[in-house]
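Down below is the structure, laid out as structure tokens.
The values are calculated or read from the model by the stated rules, or taken from the named source; none is laboratory data. Note that the structure is a prediction, hence the values are computed from the model and not measured. All Cβ positions, glycine included, derive from the backbone under ideal geometry; neighbour counts span all protein chains shown. Surface accessibility is based on the protein's heavy atoms, side chains included, excluding ligands, DNA and RNA. Shrake-Rupley method; radii C 1.70, N 1.55, O 1.52, S 1.80 Å.
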Amino acid sequence: MRIPLDYYRILSVPVKATAAQLKQAYNDRLLQQPRREYSDESKEARQQLIQHAYELLCDQKQRADYDAQFLLNMQALAFEETAAEDVANIDTEEAGDEIAEAEISAPLLGNPTIEILPQQIVGALLILHELGEYETVLNIGIDAFNQKEAEKESLPEEKVELSLDTIQEDLILTLTLAYMELGREQWHRREYENSAVSGQLGIDLLRQKSLFPHLQSELELDLAKLRPYRVLELISQNPANSPARASGFQLLQSMLIQRQGIEGKGQDRSGLNFDQFLCFVQQLRTYLTSAEQQQLFDNESQSKSAIANYLAVYALLGRGFALKQPELILRAQEKLDYLSIKQDVSWEQSIAALLLGYTEKAILKLTNAPDPAQLEQVKQHSLGSSDLLPGICFYGEQWLLKDVLSQFMDLTGSELTLKEYFADSQVQTYLEQLTQAAAAKTTVKSVSAPPKSTVEQNQSTAEGLGFMSLWRNLFMTEKSQQTNSASQVGVERELVSVAAVGDNNRLSTVTIERNKTGGSSGSSNSPRYKYSAKNAAKGDRRKSQTGKSLSLPLQPKQTRAVPASVMRKARGKADSQGRRKKRRPETIWKGWLFILSLIFGVGAVGYLGTKLFLNPGSNIADEPQLSVPLDQPAVEIPPKPKPAAVKPKPKPTFSQQSQQIVRNWLTSKSAALGKEHQIERLNSILAEPLLTTWRGRATAYQQENIYRQYEHNITIRSAKVDANDSNKATVEAEVREKAQHYQGAQLDPAQSYNDNLLVRYQLVRQGEKWLIQQAEVLQTL
């Protein structure tokens, strides 16, 4: 059979390579051994092809004949490429003639090929794999594998049940490795879905034949690491409700479940730590719709995640405001109450209360917030007024539009206002039902409570029913206000008016008008006031006549009740005055006697302390003091001995260095494949391509819970530095290696061994350090 290869590519040399270059390339190719999983027959087939290529190119006559045919093929390829470019550039009228001439003049030759034996197919595929032609490996390998399967089906039934032959296993291994490397190339080119398809095909092939579980684990790990890139690609590049986007959303949900939440301790094998995964979620949010974010974060599996609950709050606030669904705002408020136990969410609680119509609660949450930044912003937009409600309305509306709705793909760019939100009939109906339910709950609780005064009962009733009238006056249109003005009599109102200025009817200024007859008294701290039906009618009539903002008369001063706290304070003051009048002379005399005794005691203690601690004469010692001179040492100090001359250590020979290099390699190998799986130690002794091979093997051992215990004995036979390149060296050593193979905690005698090998190591110097680049077992001793 023929395969698309040539002898120059087999040796990886140029066409004009010299004899020395051919020999060096031949030796290098022999050092590059395939993976250990390949059979000896496949390795021998690869060796035969390399040997044949070297012998043919070293023979001058055979090389000349081959070059003539080879160059003819290369000229045909160049002609085909030039003809294709010319055909693409010619006019459409002359297209037929030019194509016909190109077909007549082009020789009937294709890519350079060589002929191989059928049993050498795996060896040829190995060479193509080493050259990086993974798609060619797949095309040829799949045909060869299918041919083997067809031959197997034609066999009698008693022979079909036998296990796969060696060539079939090697073909499956070659195809799997080609799928793996092709997927990694596609990943590097940012073709994430194609990369996932390639990896999955390799996994399916291994599962079908139940072979090479460590390769299957490696492919599955690649797919797990690829998953964040696939999610971002599928969601960002596909519209909503498309199958590809739904696939990406499912991948994201599976990652969250495996991680047990955003800050969970589960493993999704993506390689992202907590900070990286949080950045990934933040990057992904702008491509998700508000419904997708609510579905992702507002569910039972994320109920214990503080971050997921916080993101769910934003989704609920955004959808509730933009879609005019206050029931979602209520759910957001419940989550905020849960989050407020451990973090400051006062501003979000204030906005939720505002959208549900609880103005006093919104102001209270804002003023009690630990962070005063939001409060300062609100005060700036309140235009110096003591009432914070207008500032909350203006700044809260801007915050909803810029900081909340902009986080969702379907809500960004919305220009909804609070006026439009509260003018919606469904919103008004829901808020009225919510108020009635709260009032009914308060009534049920008050059955077992002590009876209140008539004024307190009237005030509590007004506070339970009055906020809807407030929002109607703040945000309803003029036509709606005139229609409903007759039904607003007897309902409590606030002295607040918001005027809409500008083309988009955004809140801009707030005017607070007080009744001149009674507005300056101490009642200004109360947010709402009762008034009679007669005064209410006058106020409404005056508003409709003048066309100005809402201004309601205060309740007459003589009808306002005195707060209970003031009564208690006054009662306590009167009692204290009465007690002060009833003091008797005996009590006064005893008090003065106690004060005089206290003064005398303090004076006596101060005098004794002065005598004991402040008299300097009592602190002088009577005994004679030691006389120690300061200019001479008290003890004779012997002179310092001169340090002995340090003899420089002799520099180790390269043979001694190579002994230590091989020992370090075997020690690092024992650590990487040992029970602790210290894979990073390979970086300090191995260079590419040997480093990648052993890291992959050690990773597979770790994933499959396999480890080995080694015993080594080393004898260096020869060690020499390359005469042409001082940064390269070759070491041959006798290595006695005894390995005990463990699967889990069980010793596997079949995989254990005790070998005495002659190994050739190719070293390369990087800086001041020698690393092992290649290793080849020459023979078994």
If I filter the range 170-180 for residues that are acidic (Asp, Glu), buried (at least 16 other Cβ atoms within 10 Å of the Cβ) and under 20 Å from residue 146 (Cβ atoms), do I get at least one hit? yes
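To keep it simple, each residue is scored yes or no on (1) within 21 Å of residue 436 (Cα to Cα); (2) in a loop (DSSP other than H, G, I, E, B); (3) out of contact with any Leu (no Cβ under 9 Å at 6 or more places or on another chain); (4) touching a residue at least 12 places away in the same chain (Cβ under 8 Å).
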position: 314; (1), (2), (3), (4): no, no, yes, yes
position: 317; (1), (2), (3), (4): no, no, no, yes
position: 320; (1), (2), (3), (4): yes, no, no, yes
position: 335; (1), (2), (3), (4): no, no, no, yes
position: 363; (1), (2), (3), (4): no, no, no, yes
position: 377; (1), (2), (3), (4): no, no, yes, yes
Among the residues of the range 296-312, write down those that are touching a residue at least 40 places away in the same chain (Cβ under 8 Å) and either β-branched (Val, Ile, Thr) or not in a helix (DSSP H, G or I) (or both). 304, 305, 307
Total residues in the range 716-734, condition without any contact (Cβ under 8 Å) to a residue 60 or more places away in the chain and among the basic types (Lys, Arg): 2
The range 385-407, residues that are part of a loop (DSSP other than H, G, I, E, B) and either open to solvent by less than 70 Å² (accessible area, probe 1.4 Å) or over 17 Å from residue 366 (Cα atoms) (or both): 385, 387, 388
Hey, could you check the range 219-269 for residues that are in contact with a Lys or Arg (Cβ under 6 Å, 6 or more places away or on another chain) and part of a loop (DSSP other than H, G, I, E, B) and say which is farthest from residue 200 (Cα to Cα)? 266
Being open to solvent by less than 50 Å² (accessible area, probe 1.4 Å), within 21 Å of residue 288 (Cα to Cα) and either touching a residue at least 40 places away in the same chain (Cβ under 8 Å) or within 9 Å of the chain's Cα centre (by Cα) (or both) is the filter here, so list the residues in the range 252-267 that pass it. 252, 256, 261, 262
For the range 4-28 the number of residues that are of a type in the set (Val, Ile, Thr), surrounded by 18 or more Cβ atoms within 10 Å (Cβ to Cβ) and not in a helix (DSSP H, G or I) is 1
Of the numbered conditions (1) part of a helix (DSSP H, G or I); (2) modelled with pLDDT under 90, residue 33 fails exactly one; give the number of that condition. (1)
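Give 410, 371 a once-over and let me know the one that is open to solvent by 30 Å² or more (accessible area, probe 1.4 Å), outside any helix (DSSP H, G or I) and touching a residue at least 60 places away in the same chain (Cβ under 8 Å).
410
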Residue in the range 271-290 that is assigned to a helix (DSSP H, G or I) and touching a Cys at 6+ places or on another chain (Cβ under 8 Å) present: no
